[in-house]
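The block underneath contains the structure these notes are about, expressed in structure tokens.
The values are calculated or read from the model by the stated rules, or taken from the named source; none is laboratory data. Since this is a predicted model, take the numbers as computed values, not measurements. Heads up, the Cβs are rebuilt from the backbone with ideal geometry, glycines too, and the neighbour counts pull from every protein chain shown. Just the protein is used for accessible areas: all its heavy atoms, side chains included, with ligands, DNA and RNA removed. Shrake-Rupley method; radii C 1.70, N 1.55, O 1.52, S 1.80 Å.
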Amino acid sequence: MSANSAELSVALVKAGRTKIRYAATLLHDDGTRLAVRAPWAGDGVRDFGFVRFEAGDVFTEYFWRDRWYAVKEVRTAAGVLKGWYCDITRPAVLTGTELVVEDLDLDLWRSADGTDVRRLDEDEFAGSGLADRDPGAAAAAVAALDELDELERLARGDGFAGLLD
């Protein structure tokens, strides 16, 4: 499917349940990678301590049908880059106008200036039982986190921009 400016519903699924569903505008779909744009869809402010997601924030999100992660560029309403939030996920599935992404708990954050790069939720991942239920998916998730970590290290100057071009 190749389309521009179509409306999609993005469903983030975790442990078999829809964690959040939100409307997004499809920016690009080349058959492998999709790019969408959406406003912050959470309730209120989400303060992680190292970044705050809040009303007005804009997420440009990149999903792959053949990779086990999604990269989300986060900007303020004024367009100032906050950084990149990367979810470790199963490959994205687009059916009609619904994009389904299964969150596998592991995450990576990179601040806009590159001074703060951190792996997140490794304890949640360990406690999720995925390694017992689906060892192949667990191994793919860990490999995806390592790949993102390496890509970030190689791209210190411009963050994930090279990956997203």
Expected sort for 118-127, 105-114, 27-36, 44-53 on mean C-beta neighbours within 10 Å, highest first, is 105-114, 27-36, 118-127, 44-53
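For Ala139 and Ala78, what is the calculated FRET efficiency with R₀ set at 35 Å and r taken between the beta-carbons, to the nearest 0.05? Walk me through the numbers on the way to the answer.
Working: r = 41 Å, r/R0 = 1.17.
Once the sixth-power term is evaluated, E becomes 0.30.
Summarise the accessible area of the chain (1.4 Å probe, protein heavy atoms) by the percent that is carbon and sulfur. Before the final figure, lay out the partial values.
Numbers: 4020 of 8040 Å².
Here it works out to 50 percent.
What does the helix-only formula give at 222 nm for the chain: each DSSP H stretch with n ≥ 4 adding -39500 (n - 2.57), the total divided by the residues, and the result rounded to the nearest 500 deg cm²/dmol?
Details: 4 runs with 34 residues, N = 165.
That comes out to -5500 deg cm²/dmol.
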Averaged per residue, the 1.4 Å probe accessible area of the chain, protein heavy atoms only, in Å², is roughly 49
Among Ala140, Ala23, Thr76, the residue whose Cα sits farthest towards the positive end of the charge dipole of the chain, when +1 is placed on the Cβ of each Lys and Arg and -1 on the Cβ of each Asp and Glu, is Ala23
Output for the stretch 8-109: GluC sites (Glu not before Pro) sitting in coil per DSSP, at most 16 other Cβ within 10 Å, listed by number, reads Glu54
Judged on accessible area alone, 1.4 Å probe, highest first, Lys19, Lys14 line up as Lys19, Lys14
